[in-house]
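Novice: Below you'll find the structure I mean.
Just so it is clear, none of the values below were taken in a lab; they were calculated from the coordinates. It should be emphasised that the depicted structure is a prediction, and the values quoted were computed from it without experimental measurement. Positions of Cβ are generated from backbone atoms using ideal geometry, with glycine treated the same way; all protein chains shown enter the neighbour counts.
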Amino acid sequence: MITAGIDVGSISTKAVIIEGGRILSAVVIGSGYNARRAGQEALDLALKEAGLQADRIVGIVATGYGRNSVDFAHRTVTEITCHGLGAHFLDPAVRSVIDIGGQDSKAMALNEQGRVREFVMNDKCAAGTGRFLEVMARALEVDLEAFGRLSLKADRPAPISSVCTVFAESEVISLIAAGEKRENIIAGIHAAVAARVTAMARRIALAPPTMMTGGVAKNIGVVKALEERLGHPLHVSEMAQLTGAIGAALIMASSSS
Amino acid sequence: MTQPILLSDAEKERRKIKADDRMREIMAAYYMEAKLPPKERKKKIAWITSGGPVEPLHVMDVIPIYPENYGAMIGASKMGVPLCEKAEEMGYARDLCSYARADIAAAEVQGGPIGGLPEPDMLICCNNICGTVLKWYEVQARRFQVPLFILDTPITHTRFNDDMRRYVQRQVKEYIGFLEEVCGRPFDYDRMAEVGRLSIRGQELWQEILETTVHKPAPMTCFDAFFHLAMIVTLRGTQTAVDYYQMLLAELKERVARGIGMVPNEKYRLVWDNLPIWYRLRWLSNKFMERSACLVADTYTAGWTSWLPLTDRNNFLGFLGESYARIFLNSGTDLMAENIIRIVKKYDAQGVVFHSNRSCKPYSFGQYDIQRIIQQRLGIPTLMIEADMVDERSFSEGQIETRIDAFLETLK
């Protein structure tokens, strides 16, 4: 049985096609302003990559911020449930997940089946999320890909007291004006993100092993800063960004069987 | 992961609580009398805080007006944002309670729902609900140049003691003296006894009404309780409230007998904590209803019954201070957690939905601890929604919808 999961996030849209617990194809594209179109486009690309016709797909589950716009999906499920199942698929030993996406950060405690026991989510403010890091990278004129790696070269992380995107940006600008090294500023930003996310995540019983999922997991600087704060290592899959879409595809597979 | 259930119009009609219309009539008549020109009205008007001792006002034929009830009206009619913005223009911080901001701004622009509140002849402020009311009422006392009475009620962190009892009871005497002076006539203690009996009867009926939802399916949800609450808040101590609640109770009992639930296929029973999100009542009610979740009880509407065990129907005045001082909002975090645990057990609920209300600090402060206590003691899932009761700018629909959905997914 072939199923698809589509995760329409605030920044990127992910589609995964799964057959019998095996990933046939996976794509990541920008979400743009039309969530439905992004979902369709991601699915079409995933089908193409897998060399499949659309009619081979038995079921489609949409998740993520734009899930309700994907009207061709058979079901919608929140990204919280999907990240839990996706993380469990990637590593069944995992008992908790920290997911940092474009505009949300979340922490989840899982049971042995990857079902979410409890979760916590950031409030309305986008601080400490992918969008926040994008704004900071732009202020520092650093490519987002290089942003994480650069921070590892810091010798003295600069203190960033505020985690509000707007205020942190002005702090960063002050630090630039004061001649602070770019690496140190970035390391300071990552430490601020880690502090905020850890404080939130600790509201629930965050049992190790912990997996980090979502697009920000690609940022090695944030991963390191979080590990330092949490005091234990994070499991980061190469497919971290696809976790939600994987979970979505798995839900369809388990419910249709 | 269930897809939403949609109801037909006939089904909606069957589920509608018929007493709603009478409630609207009574509330309209109440505000119409209060809005008459002072010469025609012949009664004085007191603005009073939601947890203030209203019964002595009825004794003195003073019409009690509740800026907080008005705040709820402002929120429900989605007039909160422009009024809050007006208050911010006047220099009030956005962090200030949105009831306070909306009320202060409505008085300034002489607008808002029902064209603004009738001007007060006096202000009665009891700080059992929060500290904000002190400054808020001082601001209004300066604006309207009217006398202000403050009843100071110490918080019961763990235990209410004799010093506290004497302290609040002495203030009740001062309160009566204040009313005699402002109204220019002696206090009628016989009438007080009668008003006290009506107040207790109203609270008992309200409690019985809230308790009808122990039945499965529940004949109403907390969203209905939020609506019917206005009577126990504003007309507590009157025959009108007693009569109305008798009628509502009879209807709910009949629904129970006929097995009519408010939520179709009631599957999940939940408890709500904190004030309602007035401008999103329908949206929230539908969100939960479509997913077969029934909010069977809440800490907020139950707040107007919490002094029942503390009072004495034959000596109402003698217990007035203590019963008002010991409301659940004026207690410590542990006592608040105990209260929720009691409600969860009584109503056989599977989860708790917390509204972390940006406006209401005493209600929201401690919620994370309460959440932890509940998870440890009961092992049930809880949900935290960050919003505000009146200020829509603090509401993020996408995030809240995701949280509600994810929470219900974890209940399965």
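Novice: As an exercise, identify the trypsin sites (Lys or Arg not before Pro) in the range B:1-69 lying in DSSP coil whose Cβ has no more than 12 other Cβ atoms within 10 Å.
Specialist: B:Lys16, B:Lys18, B:Lys42
Novice: Select from the range A:199-257 those trypsin sites (Lys or Arg not before Pro) which occupy a DSSP coil region and have at most 16 other Cβ atoms within 10 Å, ordered by residue number. Spell out each step's value before the answer.
Specialist: Details: sites: A:Arg202, A:Arg203, A:Lys218, A:Lys224, A:Arg229; in loops: A:Arg202, A:Arg203.
Qualifying residues, ordered by number: A:Arg202, A:Arg203.
Novice: Ignoring solvent entirely, what values of log10 I(q)/I(0) come out of the Debye formula for chain B at 0.06, 0.07 Å⁻¹ when each Cα is a single scatterer?
Specialist: The Cα Debye sum returns log10 ratios of -0.23, -0.32.
Novice: How long are the three semi-axes of the equivalent ellipsoid for the range A:76-140, computed from the Cα gyration tensor as the root of 5 times each eigenvalue, in whole Å, largest first?
Specialist: After diagonalising the Cα gyration tensor, the semi-axes are 26, 12, 9 Å.
Novice: Could you list log10 I(q)/I(0) for chain A at q = 0.16 Å⁻¹, which the Debye formula gives when each Cα is one point scatterer?
Specialist: Results for chain A at q = 0.16 Å⁻¹ read -1.09.
Novice: Fully extended, how many nm does the chain gain between B:Glu397 and B:Asp20 (0.36 nm per residue separation, minus their Cα-Cα distance)?
Specialist: On the way: separation 377, 0.36 × 377 = 135.72 nm, distance 2.81 nm.
Additional length available on full extension: 132.9 nm.
Novice: Could you tell me how far the Cα centroid of the range A:136-204 sits from the Cα centroid of the range B:288-323, in Å?
Specialist: Comparing the Cα centres of the range B:288-323 and the range A:136-204, I get a distance of 49 Å.
Novice: Then there's this: Fewest Cβ neighbours within 10 Å first, please rank B:Thr221, B:Thr333 accordingly.
Specialist: With the sparsest Cβ surroundings first, the list reads B:Thr333, B:Thr221.
Novice: What list of whole percents do you get for P(r) of the range A:93-236, with Cα-Cα distances grouped in 5 Å bins up to the one holding the largest distance?
Specialist: Going from the shortest bin to the longest, the percentages are 2, 11, 21, 24, 18, 12, 7, 3, 1, 0, 0.
Novice: A:Tyr33 to A:Ala93: extension gain in nm, 0.36 nm per residue of separation minus the Cα-Cα distance?
Specialist: Numbers: separation 60, 0.36 × 60 = 21.60 nm, distance 3.71 nm.
Using 0.36 nm per residue and subtracting the Cα-Cα distance, I get 17.9 nm.
Novice: What percent does the relative contact order of chain B come to when contacts are Cα pairs within less than 8 Å and at least six residues apart?
Specialist: 20
Novice: Filter the DSSP H helices in chain B by two things, a Kyte-Doolittle mean of at least -1.0 and an axial alpha-carbon span of 30 angstrom or more, and list the hits by number.
Specialist: Sorted by number, the helices that extend far enough and score high enough are B:162-183, B:189-211.
Novice: Give the order of A:Met108, B:Met336 when sorted by the count of other beta carbons within 10 angstrom, beginning with the fewest.
Specialist: B:Met336, A:Met108
Novice: Could you please report the charge total around A:Ala177, scoring K, R as +1 and D, E as -1 over all other residues with beta-carbon less than 15 angstrom from its beta-carbon?
Specialist: Counting the neighbours of A:Ala177, the net charge comes to -2.
Novice: To the nearest 20 debye, what charge dipole does the protein assembly as shown have about its Cα centre, counting +1 at the Cβ of each Lys and Arg and -1 at the Cβ of each Asp and Glu?
Specialist: 680
Novice: In addition: In nm², what is the average projected area of the convex hull enclosing the Cα atoms of the protein assembly as shown?
Specialist: Numbers: hull surface 128.8 nm².
Quarter of the Cα hull surface area: 32.2 nm².
Novice: Can you put B:Val263, A:Val70, B:Val233 in order of Cβ neighbours within 10 angstrom, beginning with the fewest? Present the calculation step by step, with values, prior to reporting the outcome.
Specialist: Numbers: B:Val263 24, A:Val70 27, B:Val233 21.
Going from least to most buried by this count: B:Val233, B:Val263, A:Val70.
Novice: Still on this structure: Short version: what are the Cα gyration tensor semi-axes of the range B:128-198, square root of 5 times each eigenvalue, largest first, in whole Å?
Specialist: 23, 22, 11
Novice: Calculate for chain B the 222 nm mean residue ellipticity that helices alone would give, adding -39,500 (n - 2.57) per DSSP H run of length 4 or more and normalising by residue count, nearest 500 deg cm²/dmol.
Specialist: Rounded to the nearest 500, the figure is -16500 deg cm²/dmol.
Novice: Tell me the net charge near B:Leu96. Cut-off is 15 Å between Cβ atoms, B:Leu96 excluded, with +1 for each Lys or Arg and -1 for each Asp or Glu.
Specialist: Once positives and negatives cancel, what remains is -3.
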